[in-house]
Amino acid sequence: MSTWLASVIPGSRPPPMRCFSLHEAHVRTIPFENVDVLLGSHRGLGLDAITDKLVRRRRGGYCFEHALLFAAVAQQLGYQVTRLISRVQPHRAGPRTHMSLKVRAEGVDHLVDVGFGSGLLTAMPLRDGVVVDQAGWKHRLTRDGRRWTLAKQTKQGWEPQHLFDEEDEQRPIDYQVAHHYVSTHPGSPFTHQLIVIRLEPGLRRQLIGGTLTEEHADGRLVETPIPLEALEDTLRLLDVVLDRGEMAELRAWMAQHQEPDSAA
């Protein structure tokens, strides 16, 4: 069992980890996924439910679950944590629906972003213009007053990922409202397609609908169609383990929404 998992199980002794090590351990241990949203079985944002799902049941989640769990663990380890909310794709008038954190570690404030589609592998110091290689993809933070923009370097230049106010600390109800939109609104990307994402050095794997895409840091891109009969094995490859009932429900959902020809 990883030391990260040990740190959140009752009765264990929290390890003396640094913020960046904890961030990477989280991203490499827990998948980003939206299965419960698709199945209408999401148990909400209570810490007990999140811990049971992400730690004990070998499941993943999206930003609220990841960030709330990380915040609780970081505070148990003695870090100062500020819970934030970000506007996704601010250059395209995106919604304020992403949860991120400001964590003070060794006297320095960091952006901790364990739930942005596994985009960041490690924490980034809140320093204007700082560029950090994230598993092979460069990311940059820029500041405008209290507001910060996280951007990713692409072939077209620096593409904004999300924007946040470092002083605008959120309350639990703020995340409940954002979670309701993200998990129920027909305009949300999480309500109409399966999304599973994993990040490791040099490789980003994402299952979107019925296609598995492997994106390498050197620019190589491999896309593989995933038939329903291979869905369970593919999910296990991405560290998402469903029980028999969940798997049957997800296959039925996919057959209806993603593969109408096969379901006919």
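The values are calculated or read from the model by the stated rules, or taken from the named source; none is laboratory data. Please read these numbers as outputs of a predicted model, since none were measured by experiment. All Cβ positions, even for glycine, are placed from backbone atoms using ideal geometry, and neighbour counts span all protein chains on display. Ligands, DNA and RNA are excluded from the accessible area calculation, which covers all protein heavy atoms including side chains. Shrake-Rupley method; radii C 1.70, N 1.55, O 1.52, S 1.80 Å.
Quick one: Karplus J couplings for segment 137-145, per residue in order, coefficients 6.51, -1.76, 1.60, θ = phi - 60°, nearest Hz, x for Gly and Pro?
10, 6, 10, 10, 10, 10, 10, 9, x
Quick query: amide H of Tyr62 versus all other amide H atoms, modeled in the peptide plane; which residues come in under 5 Å with a sequence gap of 5 or more or a different chain?
Those qualifying (amide H under 5 Å, at least 5 residues apart or on another chain) are Glu33.
Taking 7 Å along the Cα-to-C-beta vector as the label spot, tell me the Leu237-Arg127 distance in nanometres, rounded to one decimal.
It is 3.9 nm.
With θ taken as phi - 60° and the coefficients 6.51, -1.76 and 1.60, list the Karplus ³J(HN,Hα) couplings across segment 167-178 in order, rounded to whole Hz; mark glycine and proline as x.
Each residue of segment 167-178 in turn: 9, 8, 6, 9, 9, x, 5, 5, 6, 4, 5, 5 Hz.
Considering the alpha-carbon set of the chain alone, what are its Rg and its Dmax in angstrom?
Rg then Dmax for the chain, in Å: 18.0, 60.
Taking springs between alpha-carbon atoms closer than 10 angstrom, which of Asp165, Asp128, Asp113 fluctuates most in the Gaussian network model of the chain?
Sorting by GNM fluctuation, first place goes to Asp128.
Long-range amide H contacts for Ser100: which residues qualify at under 5 Å (H placed 1.01 Å from N, peptide plane, sequence gap of 5 or more or a different chain)?
Residues meeting the criterion, in which the H sits 1.01 Å from N, are Leu84, Ile85, Ser86.
Before I look further, what does segment 120-162 give for accessible area per residue, probe 1.4 Å, in whole square angstrom?
For segment 120-162, the solvent-accessible area averages 51 Å² per residue.
Quick check on segment 172-264: take the gyration tensor over C-alpha atoms, sort the square-rooted eigenvalues as a ≥ b ≥ c, and tell me if it's rounded (a/c under 1.5), prolate or oblate.
Cα axes put segment 172-264 in the oblate bin.
Taking DSSP loops as anything outside H, G, I, E and B, show the longest stretch in the chain free of GluC sites (Glu not before Pro) there with at most 15 other beta carbons within 10 Å.
1-105
Using modelled amide H (1.01 Å from N, peptide plane; none on Pro or chain starts), what sits under 5 Å from the amide H of Asp109, excluding residues fewer than 5 places away?
The list, which skips near neighbours in sequence, is Leu126.
Could you tell me what percent of the accessible area of segment 14-124 is made up of carbon and sulfur, with a 1.4 Å probe and every protein chain present?
Exposed carbon and sulfur together represent 46 percent of the surface.
Label points 7 Å out from Cα along the Cβ direction at Arg104 and Lys152: separation in nm?
Output for this residue pair reads 3.1 nm.
Can you work out the Karplus-derived ³J(HN,Hα) for every residue in segment 206-216? Use 6.51 cos²θ - 1.76 cosθ + 1.60 with θ = phi - 60°, whole Hz, and x for glycine or proline.
Each residue's phi maps through the Karplus curve to give 9, 9, 10, x, x, 10, 9, 10, 10, 9, 9 Hz.
Skip the ligands, DNA and RNA, and give the accessible area per residue of segment 197-255 with a 1.4 Å probe, whole Å².
In whole numbers, segment 197-255 has 50 Å² accessible per residue.
Give me the count of lysine pairs in the chain whose alpha carbons sit under 22 angstrom apart, restricted to pairs 8 or more positions apart or on different chains.
Lysine pair count for the chain: 4.
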